[in-house]
1. Which angle between 0 and 90 degrees, to the nearest 10, do you get for helix 348-369 versus the longest principal axis of the chain when only C-alpha atoms count?
2. I need the Debye-formula profile for the range 289-372: one equal scatterer per C-alpha, no solvent, reported as log10 I(q)/I(0) at q = 0.15, 0.19 1/Å, two decimals.
3. Which net charge results for the neighbourhood of residue 134, defined as the other residues with beta-carbon distances under 15 angstrom from its beta-carbon, given Lys and Arg at +1 and Asp and Glu at -1?
4. Can you sort 198, 39, 237 by how many other beta carbons sit within 10 Å, fewest first?
5. If a paramagnetic tag sat 7 Å from the Cα of residue 18 along the Cα-Cβ line, which residues of the range 61-100 would have the backbone N under 15 Å from that point?
6. Could you give the semi-axes, largest first, of the ellipsoid that matches the range 191-349, computed as the square roots of 5 times the alpha carbon gyration tensor eigenvalues and rounded to whole Å?
7. Can you put 93, 230, 217 in order of Cβ neighbours within 10 angstrom, beginning with the fewest?
8. For the Cα atoms of the chain, what angle does the longest principal axis make with the long axis of helix 177-192, in degrees from 0 to 90, nearest 10?
Amino acid sequence: MNNLSDMYFNMQCRLFPLLEEEIGEITEKLQEFLQIIELVKPSRFIDGALSWCGLGRRMKSRESIFRAFVLKSVYNLPTTKVLIENLIGNSTWRQLCGWEYSSQVPSEATFSRAFEELSRVNLLGRIHGTVITENYKEKIVGHASTDSTAVAGREKACRKNTPKKDRKPKKRGRKSKAELAALKEQEFAEVRTRRLELQPSRNLAENLADLPRGCDWGGKQNSKGKTEYWCGYKLHLSLADGGVPLAGILTSASPHDSQVAIPLMQMTSERATVLYDLGDSAYDAPEIKEVSKALGRVPIIDPNKRRGDAVELDPAEKLRYRERSTVERGNSELKDNYGARHVRVKGHDKVYTHLMFGVIAITVKQLFNMLN
């Protein structure tokens, strides 16, 4: 955090005044963009498949295109076409991205190919993980609030990720006692192998690989108690105090929130030291609480009234549970101001990349806001 404070001081006292002399007034949104570029330093991540190897036609600068996509997220632009129009007409934006003349701005097809490359190598996920690790290496997070939000897709629902079971011809007539006992034993075995019970014994990579990723239908209760349905995805976020996103996982819309809680805790444990895990009644499961305690945390989860053994939170836990509103504000900000309502791409990897541009923007913004 000391490096972050030095960076903030240098930008406020040196960088912004110099830029104002060159290009004029630096707006709040433009300051946001410059803070993201200074903190992320995208050049250190643009390598391998994203850089020109010296053979064939020279690629358009992936770093400049990355900066342009950051602008698109910060200014909440709906489409890449609108972004290109602004780059051509706004010399300040164009020069900050690295293009001197409007003729140098790539075409929409080039932006699309570059976006696909960024998605294929999961660049945004790596950048976010690096930023959190660098700034929380010696910092303790008081509360990690977890929740999910609906992400409407622009594609048809895919087939279920699980293969269809082989249907054997049913035997006619009444089943014997032995057959009934075998069926009950089989049903019990299937229940005992559900995802939530297997996750504690798996590592993060195995748990992430097991989560469904295709576009499908999901439903969730809103604040008024009514169930809303949508076709698309579900973004699961874990936010620290101050509204800083620690980790984000994108799944299909159908999985229950509880199935992603353990992977999120595993991911945050690799990036920061967390004291309390906060979650609503959807996360009230013994497996989640046990994993939280095993990681050295204290789980504070709103008891689910459907559970017969639900125990009400004590007054001290209720006071801490109020901090969970942080993640709800983060979800709202991502949708209202950072492009989560303008998903125009298809496929899990591309949708995740689009959303993570907004998550990284919120991360950097909140990190600098905590210094004020």
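Just so it is clear, none of the values below were taken in a lab; they were calculated from the coordinates. Please read these numbers as outputs of a predicted model, since none were measured by experiment. FYI the Cβ positions are ideal-geometry reconstructions off the backbone, even for glycines, and counts take in every protein chain you see.
1. Its long axis makes an angle of about 60 degrees.
2. Listed by q, the Debye log ratios stand at -0.84, -0.98.
3. Details: positive: 41, 44, 126, 137, 139, 271; negative: 6, 38, 138, 270.
After counting each charged neighbour, the total is +2.
4. Details: 198 15, 39 20, 237 24.
Ranked by crowding around the Cβ, least crowded first: 198, 39, 237.
5. Answer for the range 61-100: 96.
6. On the way: eigenvalues 111, 75, 60 Å².
Each semi-axis is √(5λ); the values are 24, 19, 17 Å.
7. Values: 93 21, 230 15, 217 12.
In order of increasing Cβ crowding within 10 Å: 217, 230, 93.
8. That helix lies at roughly 20 degrees to the long axis.
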